[in-house]
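Reading through the C-alpha cells given below for one structure.
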Amino acid sequence: MRNITTKIALILLLGLVFYSCSLVKRVPEGKHLLEKNNITVNGEDKNDDEHDAQMYQLPNTNIGGYHLRLHLYNLATPNADSSYLAWLDRKPGRHDFMRSLLSEKQVQRLGNSFIVSGFSNFLKKTGEPPVLVDVARIKKSSNRLYAYYYKQGYFRAKTSYSIDTLPDKRAVVNYKVDTGKPYIIDSIATAISTPVLDSLYNTSKAEALIKKGKQYNEADFAGERDRITTYFRNRGAYTFQQNNVSYVVDTVNNNYTANVDLVIDDESVRRGDSTFVRPFRLYKISKVNIYTKNPTSDDQAIDSVSYNGFNLYSTGKLNYRPKALTDAVFIAPGSTYADFRRILTSRSLTNLKVFNYPTIQYVEDSTDVSGQSLITNIYLNPRKKFRFNVTADFLHSNIQDFGIQGSLGVSIRNIFRGAEVLEISTRGNIGSSRDVAIKDNTFFNILEYGADAKLTFPRIFFPFKTEKIIPKSMIPNTLLSVGIGRQKNIGLDKENFTGILSYNWTPKRNHTAKFDLFNIQYIRNVNAGNYFNVYTSSYDALNEFATQYNFPSNYFNPDQPGELIIEDGTNAFISAVAANQVAGVTEDDKKSIARIEERRQRLTENNLISATNFTYTTSTRKDLTDNTFFIFKTKVESAGGVLSLLSGLMDENKDIAVGNRTLFNVQYSQYVKGELDFIKHFDLRRGKVLAMRAFFGLAVPYGNSSSIPFTRSYFAGGSNDNRAWQSYSLGPGRSGGQNDFNEANLKMAYSAELRFNIFGKLNGAIFGDVGNIWNVFDEVDDPNFTFNGLSSFRDLAFGTGLGFRYDFNFFVVRFDVGFKTYNPGRPEGKRWFDEYNFAHSVLNVGINYPF
C-alpha cells in the first residue's frame, strides 16, 4: 500500500513539473511569465474585477486553473514555414526530390499550406501567447491605479510597484496604493448666465448628485452634467448640450476640502463666418407636420389634411386614418420642446410595424419674431403592404426521429387604414417515428397541420375608453388570434382550437404587461383508444396486475401471450376489479388499479379551458451584449369562471352538481394558477458570466375540476430545466418517474451555470440544476407524489454537468451533458452519486441559452 501511495505521489509530482514547464515553453530566456497581480490598497488586498480593470497586463486566462489557451499556443510550431525550408535543406537531395514531384513554385508554396503551417497558425490564433512581464506596462498600470483613486477624491494618493521573480521563469507583480485622506465637497456655487436656466436649475437642485459633505467623485460630476442636460432639454432648452456645463474645483489650502463652482455660460451661436453669444431660449412647438407616402396610389399629387392641429401630407392619397398616426405622435402643437417626447414618438411609430424607423427633425419657425418656436417634421417611410413568409426546418425530438416542418404565411399591413396588421399562416409537419404505439410502418408516419390568423391593433380595442387606465404613452396594442391544429399518429391524435384576446402595454421603460382577457383552448382526443399504446408504463403496470390475479386468458392477445388486449382486455380488467369480480385483489392493488384508470380518464378526456391571465415582466437588460441584468416575471391565471356562469344556464346541466357540469357536452376546467420566474446574470469579466434562474409555479383546481389539464400542468427535466433528466421523466416527488409523461401542479426549480470562453466562438459551461414537481390540492394522495411540507424538500433532485456552446452570432447551438447527482426517486442510501456516470447521463441539444 505504501509503494502504491508513493508511486501515485511521484506521478502527480512529475505531472505537476511537466505542467509547470510546459507553461513557460515559449517564454524567452531573461523574460518572465506573469503569474499574478497583487494589488494592495492601504494594506488590504484588492484583487477584484474593478481593480483588475485598471491593469494593462493580466495573467493568461484559465479555466478552473488550467491555462487551456496558453497550452494550445505552446503546441504550435514557431515559424512553421521557416522550419519547412530548413527541413528541405537539412538532407542532401531532399529539395531536388521534392522539385521532381512538384514545381519549385509549388514546393515553396507548400510551406504556407495547411499541412505544413496551417495547423500551427490555427493553434496560434485560437490559443493565447504567454503574457510576459513588461515594465512599461506595469508603470502604466500603476499610473492608472493612481488615476482611479484620484477620480474618487484621493488627490494625494501614492502608488508603487515591485516585481517578485519566481523559479521557472515566472513572476508576480505587486502594486501598492496609499490613498491618504479623501477630499470632501465643502461648498457649491453656481454661475448660470441665462436667467431661465438658472430658475430651472434651482427647481431641481435638490436632486443634484454633487452635495456638500459628500466625498469628491468624478463620476458624480459626469452624472450631474447628464442630469442637468436631460432636465433642461426636457423643458424646452432645445440647443443645450452637455459641453455647456463646466466645473471649477478649488482644493488649494482647504484641508482636504473642495469648493465647487458650477458654470453654465450663455449659448454660442455661429451664423456664417461670425459667432455671437446669446441667452439660451426655451422653445415651444408651433407646428407638427407628418409626411408619408402612398406608392400604390395612381395619383401621386400631394394630399394633405389637418387633424387636431397636426398637418398630414402624403404623396398620393393619404392611406391612413389621421387618428391612427396622430395617436402615435406625442409632440403636440403648443407643447414645450422635450427630448422624451421625441424618443416616445419614435418608439410609438416604430411599434406600429407599418413604417420603417421614422426621421424626426426640428427647424426654427421663421414666422415667430421671438425666435422661440420650432416646427417638427416627421418623415414616415411605409413598409410594403404585403409580406410573404416561407419557413422550413428539420426537427428531432422525443417523439420524432426525424421531421420536416414548414409554414406559409402572409402579413397584410394597414389592412383597415388604422395601422392594423393581419397575419395568416398555415403550418405543417411530417415526421418519422419508430414508436411502438404507431402502427403505420411507412417512413413518414406522423403528421401535424394547422392554420393561424392574428390581427394586431395598435391601441386598446375595447368598448369603453381606457385612456385613463392605460394611456397611449404606454404604447398599447391588442392581439386577436385564432388557430386550429390536428395531429395524426401522435399519441392520442389531438385536435386543437385556440382563441386569444390579449392586451399588451409598457407601463414604463423595461417593464411590460400582458392581459389575456380570453384565452380559450379546446382539445379533442380523436384516438383515445390508443392510450395504453402510448402510455406503456401504465399498460405494463395494469398487465402485471392482470397476470398476477389470473384474469381469463381470452382477454389476452393470442399472438403475444401474457399481454392484455387493448382496449377489450384492459377495459374488462379495470371494470371487473371495480365491480369486485376478480378474486384475491388486495385493497392496495385495487387503489393502484383505480389510479391507473383515473389517470387514463384524465388524459383522454376532452378539455375546454377558458382562462384569463395577467403577466408582468421587469427587465434591466440593455441589449444582447449586456451580461449584468435581471429579469423578473410574474403571472396570475384563472380558468373557468365565465364558463361556470354560462353552464348554469344550459339545459344539459340541470340537476347536475358542480364538478360534472359541461358546456356543449364538454366538461370545462376550473383552476387558479400563479408563477414567479427570476433570472439574474453576473458579469465576472474576461468572458466569464454567472447565470442563475429560480422558478416557482402552483396551479390549484377547484369547482368543476379535481386536477389540472395536462396542457397546463408542470413537468421537470429537459434541455431548459433539470438537464440530468429527460423531459417528463423527473418526479412527481420521490415517485421515481413511474409514468411515461410525469406531470403535476406544483413546481420548484433553481439553476446556476458558470459560462466561460474556451477559444474563439466556442464557449463552455459548468452547471447545477435543483428542482422537482409535486401534486398538491388535487386528487392525488400518495405521499410519494405529493408535497407534504418541509419534509418534501428532500425530494428536490440535483443534477450537475458541463456543456459546450458555439456562437453563430444570430443563434447559439448548445450541447449539455447532465449527471444525476442526487436522485430522490432512488432508495434511501442510494440517492447521492449512485448514477453519477455516463451510462445514466443525459445529452441535451438546444438552441440558444436556457436562461
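The values are calculated or read from the model by the stated rules, or taken from the named source; none is laboratory data. Everything quoted here is computed from the prediction, not taken from an experiment. Don't worry about glycine lacking a Cβ; one is built from the backbone with ideal geometry, like all the others, and counts go over all protein chains shown.
Data table
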quantity	calculated
Checklist (1) exposed (fewer than 12 other Cβ atoms within 10 Å of the Cβ); (2) in contact (Cβ under 8 Å) with a residue 24 or more places away in the chain applied to residue 301, failing item	(2)
Qualifying position, being at pLDDT 95 or above and of a type in the set (A, V, I, L, M), among 609, 566	609
Segments classed as strands (runs of 3 or more DSSP E), wholly inside segment 428-547, with at least 3 members that are within 19 Å of residue 709 (Cβ to Cβ)	477-488, 494-508, 511-525
Qualifying positions in segment 714-734 - polar (S, T, N, Q) and surrounded by fewer than 23 Cβ atoms within 10 Å (Cβ to Cβ)	719, 720, 726, 727, 729
Segment 548-579, residues that are closer than 25 Å to residue 591 by Cβ and loosely packed, with under 13 Cβ neighbours inside 10 Å	548, 550, 552, 562, 568, 575, 579
Qualifying residue in segment 309-318 (condition: polar (S, T, N, Q), out of contact with any helix residue (DSSP H, G or I) (no Cβ under 6 Å at 6 or more places or on another chain) and not in a strand (DSSP E or B))	no
Matching residues, segment 319-346, being of a type in the set (S, T, N, Q), under 15 Å from residue 380 (Cα atoms) and part of a loop (DSSP other than H, G, I, E, B)	319
Residue list for segment 358-381, restricted to those being closer than 23 Å to residue 315 by Cβ and without any contact (Cβ under 8 Å) to a residue 24 or more places away in the chain	358, 359, 361, 363
Members of segment 155-180 that are surrounded by 16 or more Cβ atoms within 10 Å (Cβ to Cβ) and more than 14 Å from residue 51 (Cβ to Cβ)	155, 169, 170, 171, 172
Some residue of segment 743-755 being buried (at least 17 other Cβ atoms within 10 Å of the Cβ), in a loop (DSSP other than H, G, I, E, B) and out of contact with any Cys (no Cβ under 6 Å at 6 or more places or on another chain)	yes
Qualifying position, being over 30 Å from residue 40 (Cα atoms), more than 40 Å from the chain's Cα centre (by Cα), surrounded by fewer than 17 Cβ atoms within 10 Å (Cβ to Cβ) and acidic (Asp, Glu), among 226, 198	198
Selection within segment 354-374 - in a loop (DSSP other than H, G, I, E, B), of a type in the set (A, V, I, L, M) and within 42 Å of the chain's Cα centre (by Cα)	354
Residue 835 being loosely packed, with under 15 Cβ neighbours inside 10 Å and over 30 Å from residue 394 (Cβ atoms)	no
Residue check for residue 142: among the small types (Gly, Ala, Ser), assigned by TED's automatic domain parsing to the domain that holds residue 58 and modelled with pLDDT under 95	no
Residue in segment 786-793 that is buried (at least 20 other Cβ atoms within 10 Å of the Cβ) and within 22 Å of residue 675 (Cα to Cα) present	yes
Neighbours by Cβ (under 6 Å, 6+ apart or cross-chain): first from segment 803-819, over 14 Å from residue 846 (Cβ atoms); second in a strand (DSSP E or B)	819/800; 819/801
In segment 593-631, the residues that are more than 42 Å from the chain's Cα centre (by Cα) and either more than 16 Å from residue 541 (Cα to Cα) or crowded, with 17+ Cβ neighbours inside 10 Å (or both)	593
Of all residues making up segment 426-441, the number that are surrounded by 15 or more Cβ atoms within 10 Å (Cβ to Cβ), modelled with pLDDT under 65 and either closer than 30 Å to residue 482 by Cβ or not charged (D, E, K, R) (or both)	2
Hey, residue 818 assigned by TED's automatic domain parsing to the domain that holds residue 774, in contact with a Phe, Trp or Tyr (Cβ under 6 Å, 6 or more places away or on another chain) and either in a strand (DSSP E or B) or polar (S, T, N, Q) (or both) or not	no
Within segment 612-657, tally of residues that are among the small types (Gly, Ala, Ser), modelled with pLDDT of 90 or more and either more than 30 Å from residue 511 (Cα to Cα) or assigned to a strand (DSSP E or B) (or both)	3
Exclusive hit being closer than 29 Å to residue 141 by Cβ and assigned to a helix (DSSP H, G or I), set 222, 258	222
Residue pairs meeting the criteria (Cβ under 6 Å; at least 6 apart or on separate chains; first under 15 Å from residue 451 (Cα atoms) and at pLDDT 75 or above, in segment 386-397; second surrounded by 10 or more Cβ atoms within 10 Å (Cβ to Cβ) and not aliphatic (A, V, I, L, M))	389/409; 391/407
Within segment 261-283, considering residues that are crowded, with 18+ Cβ neighbours inside 10 Å and not in a loop (DSSP other than H, G, I, E, B), the one farthest from the chain's Cα centre (by Cα)	267
Failed condition for residue 377, given (1) part of a strand (DSSP E or B); (2) buried (at least 19 other Cβ atoms within 10 Å of the Cβ); (3) within 38 Å of the chain's Cα centre (by Cα); (4) not aromatic (Phe, Trp, Tyr)	(2)
Residue list for segment 765-785, restricted to those being within 30 Å of residue 682 (Cα to Cα) and buried (at least 17 other Cβ atoms within 10 Å of the Cβ)	765, 767, 768, 769, 770, 771, 772, 773
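Conditions (1) touching a residue at least 40 places away in the same chain (Cβ under 8 Å); (2) part of a helix (DSSP H, G or I), marked per residue:
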site: 173; (1), (2): yes, no
site: 176; (1), (2): yes, no
site: 181; (1), (2): yes, no
site: 191; (1), (2): yes, no
site: 199; (1), (2): no, yes
site: 204; (1), (2): no, yes
site: 213; (1), (2): no, no
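One line per residue, one yes/no per condition, for (1) modelled with pLDDT of 65 or more; (2) closer than 20 Å to residue 138 by Cβ:
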site	(1), (2)
3	no, no
39	yes, yes
45	yes, yes
71	yes, no
83	no, no
